[in-house]
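Below is one structure, written out as structure tokens; comments come after it.
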Amino acid sequence: MADVLLDLMQVLRPRATLFGGFEGRGQWGLAFRARNDLLFCWVEQGECLVLKDGCLPVALGAGDFLLIGTSTPFRLASNISAASVDSEEAVRRSHGKRLRLGAGEAAVVSAHAGKFVVSKANANLLDGLLPQLVRISAEDPSLERIRKLLAMNRAESLAPGPASEFVINRLVELILIEILRNALNDADANLRGVLSGLADRHTQKAIAAMHGDVARAWTVAELARLCGASRASFSAKFKRVLGVGPIEYLQRWRIALAKDKLDKGAMTVSEIAFSLGFGSSSAFSTAFKRMVGCSPARYKADAEPPPVGRI
């Protein structure tokens, strides 16, 4: 059976960057703009709040780890009313050094921070993959593995050796997989998305089957039989858990794979079309344009780097 998390890693192609983290004293706040990546931080000392519009404040204590999507703005702060500085401006002014926020001696908070960046082609998958906020408690046994991997990543970045780029890339993938595993184990039944689908034993079978044979002309009836459910109940549950129906999910995954293959440039449009189960190049082009907004040929041309000049 297909390993869906591995499939996702292969099209997301995550990489991580670390900045020096921050230290907050007294009243302080750090505001993060809306972007399309994943920020993370782990608290070494003290406590702070995560503040996001429309959500209840989330408290972080010493040893806690946070992963948060930046599709909407948020703040890290000493308290709800604390004034905040813009994080991008603060990092730019710090010239890579640790941020110093607030003033005084009271309530010292110290944290490391960084971000995951994924392939631009499939960054939209993040919206349906993770909850917008994942907090891993300091008491969670899985956190020790994440801390060790982050420490290895930082050490390799500060003192690179042979094949450092390869080592760092693999460490980043392992870090994100550990976080996804944790989120999978704690998947909220009220949330929608791929992780919630993988946490449910019925929808997990259907997702793994589609990933395992993406070119097959799956029907809802076939997937329902595989999961031991009626067509109607399976279809309703799949849409409730993942937010889309099973065939729409399959089509979205095919297009995600297509964008990844077009980015890599090793296959022609026709080869990609047939490898993903489209009956013809024209059927593939129609589906791709409907979901992406341009033809596969145009997407491929835009993704290709300019030719290298010759002497």
Considering residues that are modelled with pLDDT of 85 or more and closer than 30 Å to residue 206 by Cα, the number found within the stretch 1-55 is 11
Anything in the stretch 194-221 that is surrounded by 16 or more Cβ atoms within 10 Å (Cβ to Cβ) and either in contact with a Lys or Arg (Cβ under 9 Å, 6 or more places away or on another chain) or outside any helix (DSSP H, G or I) (or both)? List them, or say none. 200, 202, 203, 209, 210, 214, 218, 220
Does the stretch 276-296 hold any residues that are touching a residue at least 40 places away in the same chain (Cβ under 8 Å) and under 15 Å from residue 260 (Cα atoms), and which are they? 276, 291
Open to solvent by 50 Å² or more (accessible area, probe 1.4 Å), acidic (Asp, Glu) and in a loop (DSSP other than H, G, I, E, B) - does that describe any residue in the stretch 62-74? no
Among the residues of the stretch 253-273, are any basic (Lys, Arg), within 15 Å of residue 4 (Cβ to Cβ) and at pLDDT 95 or above? yes
Residue selected from the stretch 140-176 under the condition touching a residue at least 40 places away in the same chain (Cβ under 8 Å) and open to solvent by 60 Å² or more (accessible area, probe 1.4 Å), by the criterion nearest to residue 194 (Cα to Cα): 147
Anything in the stretch 123-136 that is assigned to a loop (DSSP other than H, G, I, E, B) and open to solvent by 30 Å² or more (accessible area, probe 1.4 Å)? List them, or say none. 131, 132
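Yes or no, residue by residue, for (1) part of a loop (DSSP other than H, G, I, E, B); (2) closer than 30 Å to residue 10 by Cα:
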{"site": "80", "(1), (2)": "yes, no"}
{"site": "88", "(1), (2)": "no, yes"}
{"site": "92", "(1), (2)": "no, no"}
{"site": "100", "(1), (2)": "no, no"}
{"site": "121", "(1), (2)": "no, yes"}
{"site": "140", "(1), (2)": "yes, yes"}
{"site": "145", "(1), (2)": "no, yes"}
So for the stretch 222-239 (the condition being closer than 21 Å to residue 184 by Cα, within 27 Å of the chain's Cα centre (by Cα) and outside any helix (DSSP H, G or I)), does at least one residue qualify? no
Restricting attention to the stretch 99-112, and to residues there that are surrounded by fewer than 21 Cβ atoms within 10 Å (Cβ to Cβ) and within 17 Å of residue 150 (Cα to Cα), which single residue is farthest from the chain's Cα centre (by Cα)? 110
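The values are calculated or read from the model by the stated rules, or taken from the named source; none is laboratory data. Quantities reported herein were computed from a predicted structural model and do not represent experimental measurements. Glycine gets a Cβ as well: all are built from the backbone with ideal geometry, and neighbour counts include every protein chain shown. What goes into the accessible areas is simple: the full protein's heavy atoms, side chains included, and nothing from ligands, DNA or RNA. Shrake-Rupley method; radii C 1.70, N 1.55, O 1.52, S 1.80 Å.
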